[in-house]
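Take a look at the structure set out below.
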Amino acid sequence: MFKTRKQESEDQDEEEEEEEEEAVDSRGNALTGAFSFLFDFMSGFLQTLGCFRRVEMLNVPSQSFPAVGSQQRVAPSGQSRNKVALKPGHSLMDWIRVTKSGRDMTGLRGRLIDVTEEELKKHNTRTDCWTCIRGMVYNVTAYMDFHPGGEDELMRAAGIDGTELFDQVHRWVNYESMLKECLVGRMATKVSTVIKAQSMKEREKAQVNGLAPPPPPSPALLEPPAAPPPPPPPKDTRPRYDWFQTDATVNIVVYTKRKIPASGCAVVDLRDGALRIEVVLGKLSYLLHWRLVQEVEERIGIHTASAVGKIQLVLWKKAKAKWSELGDQLDTHNTFERSKDREIYYRQCVLVSKTDVTHDTKLICLQLPPGTHMHVPVGRHVYLRASVQDSEVVKPYTPVEHTLLPESPPTEEDEASRLFIMLKVYPNGVLSPHIDRLNIGDSLSVSSPEGPFSLRLLRDITHLYLLAAGTGFTPMARLIHTGQADVPTLRKTRLMFFNRQERDILWHSTLDQLASKDDRFEVDYVLSEPSESWTGRRGRVEASMLTDFLVRPEGSKCLVCVCGPIAFTELAVGLVKDQGFIDEEIHAFQG
């Protein structure tokens, strides 16, 4: 099939972005190796002068995480796994109560100690389990029965440095707060013996079976090989910035050197004189961060030229004076790295409204601070954070629009300054009841957008299939709207929506209204606990349901999206694959 010039250009942009992500990883590994060698060398040198100790992270054994078949992994096609059911009295709130009971969680009666690698390895059993996260050692024995992923998952990090394993699944969790009463102490290991080991290895190489190696050939007999031609200089794809000013404004221009979404990809926070600009480019993040030299108003203007990849930020001066510089550069200024390697950034938002959607679900509206401009891309989520009984609790939520059928598109200002969250209130939960009890005007911490979903997945698709269970509908809501409005090739969107009872269906009447207005959209409801009067589908997700739902017409390009509880998502993905769909045609949103 022939491609248009635009499609060829987009494909080339995508290939270059993937190559650039690999290059960022490569440069990071090279720098890490160089610094590691230099640090080990200096450590060995200082060891000869006296005792020298340093804190370092232990090597993490190469292992799959989450564990195969665990609570946190989507299993391969056709394989299901049992959800880990916590015992009664072992919820997050119960764990918070335990940590405040005065119980000795470490066995050290409040003492903090330095833990060697050898000592850490000793504590690797179910009844005596220590692990290390970012240089700090925790006794997690008491937490075993409270871990949602189950005991086996937690034991993967028993007696070792679990930092990498933790970050792969729980990077957003505030473990310092959750495990503060379990803190044993700081990791303190011996100075690296890499240099000594290398010297011993060289001496071993010098003798083979007790015989000295043959002398090297004479240099005169060796002709130097022809020097290869120098490689072409790498393409400079790193973003850059510039700035200029007028009497009334300061203008910062970011050149991303690639096409960017028309809705923008910059998150801007102006707080207490500090300006933070993060530009999200696929899986990469470009960050600018200053302490401004003079005061500006708490309003921000952003202009995006998507085709050329330019973003212009406008600030308004409080005093019409000439600036000699923008300000002092803060940590991580002008850095370009993978988004997942960035520390999660939060800002305080204000609750401005709460509206009932169902008997246990509400639509809440959060107002971002005046100095914040943040557009959450379709399919991405944010983290909500709050302090509950002096413990920090965090949970991901996917923003929605204020309605599935807006009468007019939201203005850019509204879209970048307000967030709508579908909040299901769990009676035995920790965070959702806390948020439900907030009054209008109260504050809540909200992170920058996170998640791997890309609108590239919607490019040229003709059929979009959505499998949602409960509040797993939230990422589907914006997908439905975006597909119907912005994907010209889309011929059919079909939603299969699983709930317990009819009263649990989110935006029920609005979905029916959309289906009656637009022939391209269909919705099918499935209830596991229906009333006698229910005439629709009954049961849970199974192969027979999907056979006639996932239709692949000849010449079509399909995408299947799945979201819901972990067990539902795992089972549904396997069933979709059994219908002949490949990984590239499936996207599972993970909560």
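The values are calculated or read from the model by the stated rules, or taken from the named source; none is laboratory data. Computed from a predicted structure; not experimentally measured. Cβ: placed from backbone, ideal geometry, glycine included. Neighbour counts: every protein chain shown. Accessible surface is based on the protein model in full, side chains and every heavy atom, while ligands, DNA and RNA are left aside. Shrake-Rupley method; radii C 1.70, N 1.55, O 1.52, S 1.80 Å.
Points to keep in mind about this one:
- Ordering L270, S285, I260 by the projection of their Cα atoms onto the charge dipole of the stretch 240-338, which places +1 on the Cβ of Lys and Arg and -1 on the Cβ of Asp and Glu, puts I260 at the extreme positive end.
- Sites matching GluC sites (Glu not before Pro) across the stretch 272-314 that sit in DSSP coil, with at most 14 neighbouring C-beta atoms within 10 Å: E295
- Along the axis of the charge dipole computed for the stretch 94-138 (Cβ charges of +1 for Lys and Arg, -1 for Asp and Glu, origin at the Cα centre), the listed residues T106, T125, W95 are led at the positive end by W95.
- Among T398, P427, P449 the positive-end extreme of the charge dipole of the stretch 346-450 (Cβ point charges): P427
- The stretch 455-588 - Debye-derived log10 I(q)/I(0), Cα point model, q = 0.10, 0.21 Å⁻¹: -0.30, -1.39
- For the stretch 85-187, the Cα-based Rg and Dmax, in that order, read 12.8, 37 Å.
- Descending by average beta-carbon neighbour count within 10 Å, the peptides 330-337, 281-288, 125-132 line up as 281-288, 125-132, 330-337, the highest first.
- Net charge dipole size for the stretch 455-588 [Lys, Arg +1 and Asp, Glu -1 on Cβ; Debye, nearest 20]: 240
- Solvent-accessible area of the stretch 346-450 (1.4 angstrom probe, protein heavy atoms only): carbon and sulfur portion equals 46 percent.
- Averaged over residues, the count of other Cβ atoms within 10 Å places the peptides 103-112, 427-436 in the sequence 427-436, 103-112, highest first.
- Assuming charge only on the beta carbon of Lys and Arg (+1) and of Asp and Glu (-1), the dipole of the stretch 240-338 about its Cα centre is about 440 debye to the nearest 20.
- HN-Hα J in Hz across the stretch 526-531 - Karplus 6.51, -1.76, 1.60, θ = phi - 60°, x for Gly and Pro: 10, 10, 8, 10, x, 7
- The stretch 524-544 and the stretch 219-298 have Cα centres lying 52 Å from one another.
- Among the listed pairs K424/K492; K235/K257; K517/K577, those whose Cα-Cα separation exceeds 20 Å are K424/K492; K517/K577.
- For G185, the residues whose amide H sits under 5 Å from its own are I113, V137, ignoring neighbours fewer than 5 places away on the same chain, with H placed 1.01 Å from N.
- Distance histogram for the stretch 416-495 (every C-alpha pair counted, 10 angstrom bins, percent rounded to whole numbers): 13, 37, 30, 17, 4
- For W243, nonlocal amide neighbours, meaning residues 5 or more places apart or on other chains whose placed amide H falls under 5 Å from its own, are V253.
- Judged by the ratio a/c of the largest to the smallest principal axis of the C-alpha gyration tensor, the stretch 240-338 counts as prolate, that ratio being 1.5 or greater while a/b is larger than b/c.
- For the stretch 346-450, diffusion coefficient by Stokes-Einstein and Kirkwood Rh (Cα), 37 °C, 0.692 mPa s, µm²/s: 232
- Euclidean distance of C-alpha centroids, the stretch 484-516 and the stretch 547-589, integer Å: 17
- Within the stretch 85-187: Cβ-based charge dipole about Cα centre, in debye rounded to nearest 20 (Lys, Arg +1; Asp, Glu -1): 380
- The stretch 425-471 - Kirkwood radius from inverse mean 1/r over Cα pairs (Å): 15.0
- Normalised convex hull volume, the stretch 278-404, alpha-carbon set, Å³ per residue: 183
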